[in-house]
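Just so it is clear, none of the values below were taken in a lab; they were calculated from the coordinates. Note that the coordinates shown come from a computational prediction; the quantities given were computed from them, not determined experimentally.
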Amino acid sequence: MDYFSGIAGVSITFVVMMTTSVLAISLLMLGLYFNVRKWGQGSLAWGIEPEEGKQGLIGSVIVFCKSFWKQLRAHSVHHGQNILVTLVFDVLLLRRTARADPFRWFMHMCIFIGWMGLFSLSGLMFAIELIHMVGIHFIDPEWFREFLQLPNQLLGYLLFLGVIIAVARRLFIPKVRDNTNSYDSILLITLIVVVVTGFIAHAGRYIAIGITDFTGYDFIFYDYLLWTLGGMSPFLTYVKEIALTHSVLALFVGFAFIPYSKYIHMITAPLTMIVNKGGEH
C-alpha cells in the first residue's frame, strides 16, 4: 500500500510511513517519560527542591501515580465536586475558561476539537488500512478514505479558525501581545504551516488524479480551488512533496513535540484540574 505523499513522483510505502510514525511515537513517549520522572521526583511540599531519584521507567510512573493520588486526596477535603463533573465540564468543556473569557474559550475549543478530531480520524483510517492488510476485507480503505474527506476538511477549518484567532489575539490584544515571546510565535507558526500544507496537499491530490466533477459537494470543489489558487500547475507538480512535508510536520511538530513544548499543557492542565476538582467555583 502506497501513500500519496512522497518525493519526485515516488510514493511513500506503508512500511516507511509506519516506521516514521513509530519514531514519532517513540519521541513522544520518551518526552512523556522524562516529564513523568520529573513530576514524580518533585516535592509535594511548597518551597522544597525536588529530590533526585534513581527510579526506572516503571518506578517513575509508580512514584508519579502515588504523588498524583496524594494530591487528589489532599484536595478532596476542600472540594466535593464529583470527578466526572470535573472531567466533563472543566476538562472537556473548559468551563472556567468560558467564564473568564468566552472568546478565548471559543479559540481553545476550535483548536481542541479540530486537533483531536483529525487525530481520531487519522487513527481510524490507519486501523482500517491495517485490518485490510491482514486480510480482513469488510471495508474498502479507498472508499473509506473518500468518505472521510468532508469531515477532515471541516475539522481542518475548525482548527485553522482557532489558530487564526490565537494569532489575532497576540497581534491586537495588548495584554496578550505583551506576554508573547518568540517561543509562542514559533509554536503558532509551525502549527499554521502544518494546517496550511495539509489543505494544499489535500487539494493537490485531487488535481493530480484529475477529479473535476464534484456534483453534490460544491463546498469541497471550491475548497480545492482556493488552496491551489484556481488549480495552478505548481500545486500539481510538487503535490507529493507538499504532502510529505505535511506528514512529517504533523507527526513530529503536531505530535512528537508535545512533551518538549508548551503543548504539554494539553496533559498538565487536565491533570491539574482533576487534582483541584476543577479549581475554585
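With θ taken as phi - 60° and the Karplus curve 6.51 cos²θ - 1.76 cosθ + 1.60 applied, the whole-hertz 3J(HN,Hα) list for segment 13-25 is 7, 4, 5, 5, 5, 5, 5, 5, 5, 4, 4, 5, 5 Hz, x standing for glycine and proline.
For SER5, nonlocal amide neighbours, meaning residues 5 or more places apart or on other chains whose placed amide H falls under 5 Å from its own, are ILE12.
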